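Below is one structure, written out as structure tokens; comments come after it.
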Amino acid sequence: MSQQEAPAPVAAPVAVEAPVLEAVSADSGEPKKKRARRPIEPTPVQVPVKGGNNRPVRNKKDIPTGPSSAPLFDTPARQEFPKRQEERPKNIDTSLEIDEDNDTLNDLGREEIPAEVETAAEPEVTVAEIQADIEEEKPAVIAQEAVAQPREERQQRPPHEGQERHQQPQAQREDPSSKIKRNYNNYVREFDGLIVNEGVLEIMQDGGYGFLRSADYNYLASPDDIYVSPSQIKLFGLKTGDTVKGQIRPPKEGEKYFALLRVETVNGKTTEEIRDRIPFEYLTPLFPDECLRLSSRPEQYSTRILDLFAPIGKGQRGMIVAQPKTGKTVLLKEIANAITRNHPEVFLLILLIDERPEEVTDMQRSVRAEVIASTFDEQADRHVKVASIVLEKAKRMVECGHDVVILLDSITRLARAYNTVVPSSGKILSGGVDANALHKPKRFFGAARNVENGGSLTIIATALIDTGSKMDEVIFEEFKGTGNMELQLDRKLSNKRVFPAIDVMASGTRREDLLLDKETLKKVWILRKHMADMNAMESMDFLLEHMKGTRNNEEFLISMNR
């Protein structure tokens, strides 16, 4: 009892605390943190523990060696709080610094802090210090655990480091991509206007925008398409089929196609020249009055015979009626080469529908013209779309005053494709042809015309006969009287290997007097009268025999007068 009621150790700390707090209040202008610099003597720390066994915890240096320090162990915990406040002035200072302008609260906080508040705040302060003191008194086992703790961290580090090493290459791959994404628009601007390209415009029906289709993909959708905005289409009055040339830019982030920046030319004309163009449907059609000269070489007899007996003019709507294996594709090739050689101002298009792939390759390599093809292994929808975009392109060029020639092989297969695609009307003709199936092929073939005040569209199409199909016969009969030029090929001549296998007497051109001069026309009529009683074989042998010794048709006609 004498050790618990000893008042002397209690009064001494209270007497020491008052001047320390007054010194702090007197120096209110200085920062409170200076009190932390005062040397603090090591004092025992006691924590009230539930259960009544309140025993002070001390450092090893303060362990008493004699009975003289017994009162220190019996000192109540409340009496040690002032000393503890000296050791942690920062906590008191921070609470005082919150309201520096309120002097009354500061004074109350220094003079009349109740012991209950101190005990309530003490566990937060003393637990950390007690743990620090306890750690110093831990036995060797605790020290070994402390030494082993870094090993656990080292054991945890390798997977963490390994994970970083595993993710490091990913970060290296992502950094350039993220940098490119951030600066992609800047890189794209460097190429704005530097790339010039052209294509045939196809306007979408749903959004009003369009794409420039490439001839390399037969004017179908492809990754190389160029986007055209609706504002540009409205500004320049563009239509489906316009050949637009202009500056483009690469696609930005999130875009898929190249975009058209600036329109330079449309169908070879400036944007001001095409603004007031007349639509193709309102152009005035005329008979062809300008002949396309096809003969160029003495040994090319097919084109020489065409120039005399079935001349082709600008705006001609011609049909080559042929049986299988009569050489119609070779004849088209010779006509195409002759047009490109003698009439470079004419824009030539070769459209191959439902054709063999090897024929397409041969045509592309042997003719210096634009070849658009849809082979027989494609669907009928593709045949129809390719034919429609080619026709729209030709119409737009005619509106701008150009001369266009389309060589179609064949119109019979195009009509078959339309018969497959068109919705059923319920009226079926003989051969399985729908009543509405031949309307669009007729529009295609009927678009050929010579336009008043410049421009013409010439279409030379092949029609198949004697194929054993009733549908082909019906299609030919529907187109028989629509053309103004007809060229008949005979299977008997081709079987005897006589080329060109042309039935001269069955071939001819309407209003050939507009294409041939009077002297030539008179001589041609004389030849027709002379060959009227001959069959196809005899007439062709007669012409080939007399043409072999001449260099051109003029010499041939002169030699016939002799």
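The values are calculated or read from the model by the stated rules, or taken from the named source; none is laboratory data. Everything numeric here is computed off the predicted structure, so don't read it as measured data. When we count neighbours, we look across all protein chains shown, and the Cβ atoms used for this are built from the backbone with ideal geometry, even at glycine.
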request  = Consider residue 383 carefully, then state whether it is under 34 Å from the mean Cα position of the chain (by Cα) and under 28 Å from residue 286 (Cα atoms).
outcome  = no
inquiry  = So, residue 466, is that one among the charged types (D, E, K, R), closer than 24 Å to residue 360 by Cα and surrounded by fewer than 19 Cβ atoms within 10 Å (Cβ to Cβ) or not?
reply    = yes
Matching residues in the range 386-415 - criterion: being touching a Gly at 6+ places or on another chain (Cβ under 6 Å) and over 22 Å from residue 292 (Cα atoms) = 392
key: Matching option when the condition is farther than 27 Å from residue 440 by Cβ and assigned to a loop (DSSP other than H, G, I, E, B), among 297, 304   = 297
ask   = Out of the residues in the range 264-315 that are touching a residue at least 12 places away in the same chain (Cβ under 8 Å) and hydroxyl-bearing (Ser, Thr, Tyr), which is surrounded by the fewest Cβ atoms within 10 Å (Cβ to Cβ)?
value = 284
task = For the range 536-549, state whether one or more residues are part of a helix (DSSP H, G or I), surrounded by 14 or more Cβ atoms within 10 Å (Cβ to Cβ) and small (Gly, Ala, Ser).
result = yes
ask   = Filtering the range 209-222 down to residues that are under 25 Å from residue 355 (Cβ atoms) and not hydroxyl-bearing (Ser, Thr, Tyr), which residue is surrounded by the fewest Cβ atoms within 10 Å (Cβ to Cβ)?
value = 216
task = Would you point out which residue out of 481, 454 is outside any helix (DSSP H, G or I) and either under 27 Å from residue 383 (Cβ atoms) or touching a Phe, Trp or Tyr at 6+ places or on another chain (Cβ under 6 Å) (or both)?
result = 481
remark   = Counting only residues that are farther than 24 Å from residue 402 by Cα and either buried (at least 17 other Cβ atoms within 10 Å of the Cβ) or of a type in the set (Lys, Arg) (or both), the range 229-253 contains a total of 4
inquiry  = So the check is Cβ under 8 Å with 6+ separation or different chains; which pairs have a first residue in the range 430-445 that's within 12 Å of residue 474 (Cβ to Cβ) and a second one that's among the basic types (Lys, Arg) and outside any loop (DSSP other than H, G, I, E, B)?
reply    = 430/470; 431/470; 432/470
key: In the range 419-436, the residues that are in a loop (DSSP other than H, G, I, E, B), within 36 Å of the chain's Cα centre (by Cα) and closer than 23 Å to residue 408 by Cα   = 422
inquiry  = Condition (residue is small (Gly, Ala, Ser) and surrounded by fewer than 21 Cβ atoms within 10 Å (Cβ to Cβ)) applied to the range 322-336: is it met by at least one residue?
reply    = yes
inquiry  = Could you check the range 527-546 and list, in sequence order, the residues that are over 60 Å from the mean Cα position of the chain (by Cα) and under 12 Å from residue 501 (Cα atoms)?
reply    = 538
key: All positions within the range 327-378 that are part of a helix (DSSP H, G or I), closer than 15 Å to residue 462 by Cβ and of a type in the set (Lys, Arg)   = 328, 333
request  = Assess whether residue 464 counts as being touching a helix residue (DSSP H, G or I) at 6+ places or on another chain (Cβ under 6 Å) and at pLDDT 90 or above.
outcome  = yes
request  = Kindly list the number of the only condition in (1) outside any helix (DSSP H, G or I); (2) in contact with a strand residue (DSSP E or B) (Cβ under 8 Å, 6 or more places away or on another chain); (3) surrounded by fewer than 20 Cβ atoms within 10 Å (Cβ to Cβ) that fails for residue 476.
outcome  = (1)
inquiry  = Among the numbered criteria (1) touching a residue at least 24 places away in the same chain (Cβ under 8 Å); (2) farther than 30 Å from residue 545 by Cα; (3) in a loop (DSSP other than H, G, I, E, B), which one does residue 324 miss?
reply    = (2)
